[in-house]
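The values are calculated or read from the model by the stated rules, or taken from the named source; none is laboratory data. Bear in mind the structure is a predicted one, so any value in this text is a computation, not a measurement. Keep in mind that these areas ignore ligands, DNA and RNA; they rest on the heavy atoms of the full protein, side chains included. Shrake-Rupley method; radii C 1.70, N 1.55, O 1.52, S 1.80 Å.
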Amino acid sequence: MKDGKKVSKRRRLLLDALHTFESAARNGNFADAAAEMSVTASAVSHQIRRLEEHLELSLFDRTGKYPVLTQAGQQ
């Protein structure tokens, strides 16, 4: 049963990260997504980074002042 709970918790973390990504992509920035979700912009960034690590691809280009969706993120 312990393994089932681990998988369930991990799945929940990934679903939370996916929800965060959707908000950031729709809003166009992390600050607005954070305000919508009542968290900090840093928390949004961490959630998206977790999703990117899981998917093994970049969803946002963070080289400029504001994050911009990559082609993978747009898809």
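Suppose a student asked you for the relative contact order of the chain, using Cα pairs under 8 Å spaced at least 6 residues apart; what percent would you report?
Relative contact order of the chain: 24 percent.
Compute a Gaussian network model of the chain, connecting alpha carbons closer than 10 Å, and tell me which residue from H46, H19, H54 fluctuates the most.
Result: H54 has the largest fluctuation of those listed.
Under a 5 Å amide H to amide H cut-off, with H placed in plane at 1.01 Å, what residues pair with L69 once short-range neighbours are removed?
D61
Just the number please: accessible area per residue for the chain, 1.4 Å probe, all protein chains included, in Å². Kindly include the intermediate steps, with their values, before the conclusion.
Values: 5540 Å² over 75 residues.
I get 74 Å² per residue for the chain.
Tell me what the chain gives for mean residue ellipticity at 222 nm when only DSSP H runs of n ≥ 4 count, each as -39,500 (n - 2.57), the sum divided by the residue total, rounded to 500 deg cm²/dmol. It would help to have the intermediate numbers written out before the result.
Values: 4 runs with 53 residues, N = 75.
That calculation yields -22500 deg cm²/dmol at 222 nm.
As an exercise, find the ratio Rg/Rh for the chain from alpha-carbon atoms, using the Kirkwood inverse-distance average for Rh. Walk me through the intermediate numbers first.
On the way: Rg = 13.0 Å, Rh = 12.7 Å.
That ratio is 1.02, to two decimals.
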